[in-house]
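S.K.: Below is one structure. I have some questions about it.
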Amino acid sequence: MRSLGTAPAALVVAAIAQLTLGAQATAGAQTIAITGGTVFPISGPKIEHGTVIITNGKITAVGGASTAVPAGATKIDATGKWVTPGLFNAATSLGLAEGNPQSGGYNESRAKGEKGISASFNAWEGMNPAATFIAETRRDGVTTATVAPAGGSLFSGRAAVVDLNGETVASMLVKGPVAMVGELGDGSEARGEQFAHFKAVLSDAKTYGLRKVAYDNGAIRSMAASREDLEALAPVLAGTMPLIVSANKAADIRAALGIAKQFGLKLVIDGGAEAWECATELAAAHVPVMAGAMNNIPNSFSSLGHRQENLALLRAAGVQVVIVGDGGGLGEDNYNARNVRYEAGNAVAYGMKWDDALRAVTLAPAEVMGVADKVGSLQVGREANVVVWSGDPFEFASSAEHVYVRGVENNAPTRQQMLIDRYKNKPPTYRKP
Amino acid sequence: MRTRSLLPALLLAAASAAAQPGPGALSAPNANPFPSTYTPWPSRPTVIRNVNIFTATGPLIRNGAILMQDGKIVSVGATVNAPANAVVIDGAGKYVTPGIVDDHSHLGANAAPNVWSRSDANELVNPVTGYVWVEHSVWPQDPQFPRDLAGGVTTLQVLPGSGNLFGGRSVVLKVVPAVSVQGMKFPGAKYGLKMACGENPMRVYSTRGPQTRMGDIAGYRIAWAQAEAYRRRWDKWLTDRAGDPPARDLNLETLAEVLRGNILVHNHCYMADEMMQVIDVSKEFGYKVRSFHHAVEAYKIADVLAKEGIAASMWADWGGMKMEMMDGVRANMAIVHAAGGITIMHSDDASGSQRLNQEAAKAMAAGRANGINITEEDAIRWMTYNPAWALGLEDKIGSLAAGKNADVVLWSGNPFSIYTRAEKVWVDGAMLFDRTDPAQQWRTDFELGFVPVNNGGKN
């Protein structure tokens, strides 16, 4: 549990937590036994009075009350608590931005690109592992995130999946790249022109792949994207890397489905305001949808059909659904990436089954991003991304009491907690931290 | 109707007949040139029985009852005496609260769809635009209005944007269908004046000024000094009616009304140090800030806000978007509350406004996580009675008590659960939203043919 003590006590706790973290990072040989809680493995049915064993950062056992607890294990009594995989927010710019370029701060989420295309942009490489919002997000039980480029062009760049604890990008990386990010619909081009442009880029990438020598010899016509961008699209054309297309209007989603079929792409729809209108087509094409559950405003002519039942209707039609932040408030991709659990709760309030909603913020994003062998469920051999909740993780009254990322519980006070501790009593404590 | 070109001529004519100016034709204090035409929708006497009631001013009443009749609350308690013709609703397992009041909205002015022609809230031509009245931008067919009502919001203060030091007059609306904004205006509500601190005016006017925070403060002081001189001229003339009235200045007229105490100041301000400076400016010129809006650093000066009697209208957890928002914390509201400050849950957002109960739940949880015991009754007050106070309407709305307007929400469960939704909403005793009956769900003109209804049709 978070420290509720006075500022000096909190500082001591922080110091100990940091020491502990350092020791774990080097020794890395700790065994933790979480017992007595209601365990939601996601990959299987929930287990009452369940046990989860973590050894050396991996899950080494998941079972009922009779599961053996290794000698010397640190025991966490989770009686009355809910134990889930760490939540996975699949649409963030965590570490890429704090503040706003107009007012200061930094933003590394958008590449200039060439010819309006930046497919080869690896957004996560500019990530700041020390970004303060990462710790706030983790504190609320989100252990894993997709770090993606901001949209705005037909092909904006590539995304990676990271675990939200670590001092370097390399140490946080689960897998990168995991997906290409693109966009269809509203833009500077008329839709007919834009769809043709989108296909021309893919077509040129295909040509490039077949005729690299000719390209290098300059014996080929000019292409719709730079060499690096054409190269980056190769796994997308091979159908091995998902292409996440932001599209809201039903007609745009159908256009994306058509293009995906034509080029054999592994398509994922993001945003999908009107996806419910083509739910059966999405299900038939096995195309997942990433969307929020808190937006019902017809805020453009491309999202007139926005409604909060969207996700429930998609799931009921058999569509793989990933719940992300979308319209529920400010900065749900970053400052409030922590709030993805409330998107899930709202999805339930608007008709989604609770189990499906939990899956949509754990295993479903892991499957869509191709990292389900590492994260997203409580199974032996998976990374030990585990959260012990005081109650239903979607409820406001519940809090994440223990958050393990690869078996490590990092309880260093967050920047926001330091501010609260400084100011919650007057006069404020300006003690040097 | 008068046209813009005719208006000065009419004013001159009225001024020359100074003895008996027509209503609204002069800048007389409290002139009301755009009067409310709102009348309550038809209602039936209604009783909700066997329901848990948050009154906003007292403890939760479990399994109580409430009677609404002729637009007013008749009684609230363990039981009520219902007339024979009353509609009786069984509220078993459900909750009743006052209608939610959002004191920071741009609905109608920044309407949906969010297109250029409906971005109508920021008159970014001059940092001092006390002359604009946001009601003239409000589009009653904004489809965000019925969605807000479905979130339990019955009263909104629509504010101009925050790009200007003085953004203009706000308007208080009832969330009801109407063909004109006058048909939504809350009868008798005072106007507010939107002011803004910090980065927004600095950014918008970076070439002509204010470019800096010192430029912001100077801009306020110059305008208040002019407004005070204007007020004196007009107040003198209104007393002695000697000679021609002073020339009318619609900008200074709004500011002068603040100095007379007839308009309430709603000041967009994030940072503690800026709020402290604005408080000093208000003392220099003799007005009060009614509420600091956004106030992400209110927790740093919670004691000062409490002492000064200035409310803080806050989010549960927004921050980080700008340098001036970098110190946002989730315990902000709880700390302000614990210090005795007037704590308000606001939205500034068409989506957040629909879920102020959820936002309050987050802020309450953050308080508890930091050892500050916020009760559910406290958190209800944050989104009902306290914002009603900020609008000067706490005698009419914001709590459930005999004689108050029957703005009432029936929730499917505890309003602080994420699974709970507003089920029925009454405004002045008239049920204007019923989630269980699509026929009772208001669709704006815009939505017809454009926005699918829930069964997928387009009607």
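Any read-out appearing in this document is the output of simple, stated calculations on the displayed coordinates, not a laboratory observation. Everything numeric here is computed off the predicted structure, so don't read it as measured data. Note that each Cβ is placed from the backbone with ideal geometry, even for glycine, and that neighbours are counted across all protein chains shown.
S.K.: HN-Hα J couplings of the range B:430-437 from phi, Karplus 6.51/-1.76/1.60, θ = phi - 60°, integer Hz, Gly and Pro as x?
M.R.: With coefficients 6.51, -1.76 and 1.60, one gets 9, 6, 10, 8, 9, 5, 7, 9 Hz.
S.K.: Okay, next question. How many Cβ atoms of partner chains, on average, are near each residue of B:310-321 if near means within 10 Å of its Cβ?
M.R.: 5
S.K.: Give me a comma-separated list of calculated 3J(HN,Hα) values for the range A:346-357, in order, Karplus coefficients 6.51, -1.76, 1.60 applied at θ = phi - 60°, integers in Hz, x for any Gly or Pro.
M.R.: 5, 4, 5, 4, 10, x, 7, 5, 4, 4, 5, 5
S.K.: Can you sort A:221, A:338, A:191 from fewest to most other Cβ atoms within 10 Å of each residue's own Cβ?
M.R.: In order of increasing Cβ crowding within 10 Å: A:221, A:191, A:338.
S.K.: Would you mind pulling out the separation of the Cα centroids of the range A:266-309 and the range B:61-109, in Å?
M.R.: The distance from the Cα centre of the range A:266-309 to that of the range B:61-109 comes to 36 Å.
S.K.: Report, in whole Å, the centroid distance computed from the Cα atoms of the range B:138-212 and the range B:293-338.
M.R.: 21
S.K.: Considering only DSSP beta bridges whose two residues both sit in the range B:301-458, what percent are antiparallel, to the nearest 5?
M.R.: Beta bridges within the range B:301-458, antiparallel portion: roughly 75 percent.
S.K.: Using Cα pairs closer than 8 Å and at least 6 residues apart in sequence, work out the relative contact order for chain B, in percent. Please list the in-between numbers first.
M.R.: Working: 1085 pairs, mean separation 86.1, N = 459.
Relative contact order comes out at 19 percent.
S.K.: Using only DSSP helix segments of four residues or longer, with each worth -39500 (n - 2.57), what per-residue ellipticity at 222 nm results for chain A after dividing by its residue count and rounding to 500?
M.R.: On the way: 14 runs with 126 residues, N = 433.
Helices in chain A give a 222 nm mean residue ellipticity of -8000 deg cm²/dmol.
S.K.: Can you list residues from other chains, or at least 5 along the same chain, whose modelled amide H is less than 5 Å from the amide H of residue A:76?
M.R.: A:33, A:34, A:35
S.K.: Can you give me the Kirkwood hydrodynamic radius for chain B, using every pair of distinct Cα atoms, in Å to one decimal?
M.R.: 22.9
S.K.: Once you've got the Cα coordinates, tell me which of A:46/A:81; A:426/B:300; B:322/B:362; A:249/A:353 are over 20 Å apart.
M.R.: Over 20 Å apart, Cα to Cα: B:322/B:362; A:249/A:353.
S.K.: Can you pull the mean other chain C-beta count within 10 Å for peptide A:298-305?
M.R.: Going residue by residue through A:298-305 and averaging, the value is 6.
S.K.: So, one more: With θ set to phi - 60° and the Karplus curve 6.51 cos²θ - 1.76 cosθ + 1.60, what are the ³J(HN,Hα) couplings of the range A:264-278 in order, to the nearest whole Hz, using x for Gly and Pro?
M.R.: x, 8, 9, 8, 10, 9, 10, x, x, 3, 9, 4, 4, 6, 10
S.K.: Cα atoms only: what Rg and Dmax, in Å, come out for the protein assembly as shown?
M.R.: 28.7, 98
S.K.: Let me check against my output: what whole-number percent is the relative contact order of the range A:87-374, with C-alpha pairs under 8 Å and at least 6 apart?
M.R.: Value for the range A:87-374: 17 percent.
S.K.: Taking H placed 1.01 Å from N in the peptide plane, check which residues at least 5 places from residue A:182 or on another chain put their amide H under 5 Å from its amide H.
M.R.: Distant-sequence amide H within range of residue A:182: A:156, A:244, A:245, A:246.
S.K.: Still on this structure, I have one more. What does the average come to when, for each residue of peptide B:322-328, you count the partner chain Cβ atoms lying within 10 Å of its Cβ?
M.R.: 6
S.K.: Additional query: What per residue convex hull volume, in Å³, comes out for chain A when only alpha-carbon positions are used? Could you put the intermediate results ahead of the total?
M.R.: Values: hull volume 68.5 nm³, N = 433.
Spelled out: Cα convex hull of chain A, divided by residues, is 158 Å³.
S.K.: Let me ask something additional. Would you mind ranking B:48, B:61 so that the residue whose beta carbon has the fewest other beta carbons within 10 Å leads the list?
M.R.: Sorted ascending by nearby Cβ count, the order is B:61, B:48.
S.K.: Right, here's the next one. Students often check this: by mean Cβ neighbours within 10 Å, which of A:355-363, B:92-100 ranks highest, and how do the rest follow? Present the calculation step by step, with values, prior to reporting the outcome.
M.R.: Working: A:355-363: 24.9, B:92-100: 22.8.
Ranking the peptides A:355-363, B:92-100 by packing returns A:355-363, B:92-100.
S.K.: Name the residues whose placed amide hydrogens come within less than 5 Å of the amide hydrogen of residue B:38, ignoring near sequence neighbours (fewer than 5 apart) on the same chain.
M.R.: B:185
S.K.: Where does chain B land at 222 nm, in deg cm²/dmol rounded to the nearest 500, when only DSSP H runs of n ≥ 4 count, each adding -39500 (n - 2.57), divided by all residues?
M.R.: Helix-only estimate at 222 nm: -7500 deg cm²/dmol.
S.K.: Sort A:269-282, B:185-198 by packing, meaning the average of other beta carbons within 10 Å per residue, with the highest value first.
M.R.: The packing order, highest mean first, is A:269-282, B:185-198.
S.K.: Now, a different point. Antiparallel DSSP bridges in the range B:6-447: what percent, to the nearest 5?
M.R.: Numbers: 33 of 63 bridges.
Taking every DSSP beta bridge with both residues in the range B:6-447, the antiparallel ones total about 50 percent.
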